[in-house]
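Comments concern the structure below.
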Amino acid sequence: MWPFKSKTAHLEQQLQATQAQLADIQNAVTVTSGDVESMMDMFQVSGSASGEPVTRDSAMKVSTVYACVRLLSGTIASLPGHVYERNGQNKDLAKNHPAQKLLHDEPNAMITSVVFWECVLNHMLLDGNHYSLIRRNRNGQVLELIPLAPWRVEPDDVNGRLQYAVVFDDGSYQVFDQDDILHIPNIGWNGKKGLSALRSVMLNSVGGALAADRYSASFFANDATPRGYIRFDQPLKESQAEVIRKYWFDHHQNPDKRHLPAFIPQGGEFKEITMSAEDAQLLQTRSFQVADIARIFGVPPHLVGHIEKSTSWGSGIEQQNLGLLIYTVRVLLYKIEQEVNRKVIRSDRYFFRFNIDGLLRGDIKTRYEAYKTALGGNQMPGFFTINEVRELEDMAPVDGGDVLYKPVTAGDSSSTGQTSSDGTTETEPTPAPRPTW
């Protein structure tokens, strides 16, 4: 039970009114779960300057929006997330931590971790907020994370703590304390709730893209040829003009008959209104919208297939991944990690982190050159052992591979120049070459 104050009481009154409205609707008609979602979507419709309604579903019909959301959510969801334990200066994988399986494999019995993190990113990128219900046992241990629809959750500040009012599918509602809701907001004004990108910065961009798609479909459905007009030297009655107009449309604009030979009554002449897609600036408009939407998501346009112009992000996949990671992905990862550590892990000894090493792996030549530098040699100290490099490449260790290279000094000509992993220097009568791998 929470100390409901004036704000909470006001919030409950609003929720009760919403519940009563939903009950009236359900009593009037028989609805399914899909109908309830459709009714909730009615409150999510926003009109753009182009006149096209923008919703989550309509926005995902824009190829650039779908590509950006798929790229960011898929990239982060595919990263392995682990719980680590701090042991002095070492950070070891905590395989037996209760949250390890929850965050890495299965947040709840219905979905896998990949699907869960994709859902988290989809909510953050489009709706501006992700909410998950944290179910615990009596000892406070997290049992599962259940994603909630962002449009069904409303946070409120009550005496310095956030409380979340949640409306469930059956119309019932409940207020949860901030410790029971995993809330990951995107950019916002006060940090308590993120802005919906669909209803703020992307509204007109997505609306314009939808309008362009609609116009483009109509344009090419008409053989990419605008309509013309039939000219007569003699005046026609309205009834005669209507008959000719209907005949022309039925026989020459109909999709099944548009290629039939044209027939025009005596004295008539067809005049085509010549207007190309370039004249209508359709192609330029669509090109601009791709770059504009990609810019909003923080995705380089060439990563979503927009390659009309050269890019300054580098020619290799490593540079592209690094740019996306630094300027976009890293911010999203930090927000997720801090919220998970604050409400799920809740320990100074353990912490949750995504492993981004996979995104930083370059091509094989660049990677092997970096390993060569890390191993050392030619009087340059090494900071990786051979077995550490083999572990990065998912290879089994080899005998003698735990030796760290150390340059030979002028006063120690008998030393091999190799230091074992425990810090002791190994010496032999004659120098021996460094182990190969």
In this structure, does ALA224 turn out to be within 27 Å of CYS68 (Cβ to Cβ), at pLDDT below 60, part of a loop (DSSP other than H, G, I, E, B) and of a type in the set (A, V, I, L, M)? no
Pull up segment 86-123, narrow it to residues that are acidic (Asp, Glu) and either assigned to a loop (DSSP other than H, G, I, E, B) or in contact (Cβ under 8 Å) with a residue 24 or more places away in the chain (or both), then point me to the one that is farthest from TRP151 (Cα to Cα). ASP105
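In this structure, is VAL62 among the aliphatic types (A, V, I, L, M) and at pLDDT 90 or above? Spell out the reasoning first.
Values: among the aliphatic types (A, V, I, L, M): yes; at pLDDT 90 or above: no.
Against the criterion (among the aliphatic types (A, V, I, L, M) and at pLDDT 90 or above), VAL62 does not qualify.
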Residue that is most open to solvent (accessible area, probe 1.4 Å), among those in segment 124-136 that are without any contact (Cβ under 8 Å) to a residue 60 or more places away in the chain and under 16 Å from GLU339 (Cα atoms): ARG135
Condition (residue is open to solvent by less than 30 Å² (accessible area, probe 1.4 Å), in contact with a Leu (Cβ under 6 Å, 6 or more places away or on another chain), aliphatic (A, V, I, L, M) and at pLDDT below 90) applied to segment 198-212: is it met by at least one residue? yes
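Every residue, every condition in (1) open to solvent by 20 Å² or more (accessible area, probe 1.4 Å); (2) closer than 25 Å to LEU303 by Cα; (3) out of contact with any helix residue (DSSP H, G or I) (no Cβ under 7 Å at 6 or more places or on another chain), yes or no:
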{"residue": "CYS68", "(1), (2), (3)": "no, yes, no"}
{"residue": "GLN89", "(1), (2), (3)": "yes, no, yes"}
{"residue": "ALA99", "(1), (2), (3)": "no, no, no"}
{"residue": "LEU102", "(1), (2), (3)": "no, no, yes"}
{"residue": "MET110", "(1), (2), (3)": "yes, no, yes"}
{"residue": "ARG138", "(1), (2), (3)": "yes, no, yes"}
{"residue": "VAL153", "(1), (2), (3)": "no, no, yes"}
{"residue": "LEU162", "(1), (2), (3)": "yes, no, no"}
{"residue": "LEU182", "(1), (2), (3)": "no, no, no"}
Single residue of ARG353, ARG349 found to be surrounded by fewer than 13 Cβ atoms within 10 Å (Cβ to Cβ), under 27 Å from GLU388 (Cβ atoms), in contact with a strand residue (DSSP E or B) (Cβ under 7 Å, 6 or more places away or on another chain) and touching a residue at least 12 places away in the same chain (Cβ under 8 Å): ARG349
Going through segment 295-304 in order, the residues found to be over 13 Å from ALA197 (Cβ atoms) and either outside any loop (DSSP other than H, G, I, E, B) or of a type in the set (Asp, Glu) (or both) are PRO301, HIS302, LEU303, VAL304
Within segment 374-419, track down each residue that is open to solvent by less than 70 Å² (accessible area, probe 1.4 Å), closer than 30 Å to LEU359 by Cα, of a type outside the set (A, V, I, L, M, F, W, C) and modelled with pLDDT under 85. GLY377, GLU393, TYR405
The lone exception for SER78 - which of (1) open to solvent by less than 20 Å² (accessible area, probe 1.4 Å); (2) of a type in the set (Gly, Ala, Ser); (3) under 26 Å from LEU360 (Cβ atoms) it fails: (1)
Here are some conditions: (1) within 30 Å of GLN89 (Cα to Cα); (2) more than 28 Å from the chain's Cα centre (by Cα); (3) at pLDDT below 70. GLU318 meets all but one. Which one does it not meet? (2)
Number of the exception - PHE176 against (1) within 23 Å of the chain's Cα centre (by Cα); (2) farther than 23 Å from ASP348 by Cβ; (3) in a strand (DSSP E or B): (1)
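The values are calculated or read from the model by the stated rules, or taken from the named source; none is laboratory data. This one's a predicted model, so the numbers in the text were calculated from it and none came from an experiment. Cβ: placed from backbone, ideal geometry, glycine included. Neighbour counts: every protein chain shown. When the accessible area is computed, the model is the full protein with side chains, heavy atoms only, and any ligands, DNA or RNA have been set aside. Shrake-Rupley method; radii C 1.70, N 1.55, O 1.52, S 1.80 Å.
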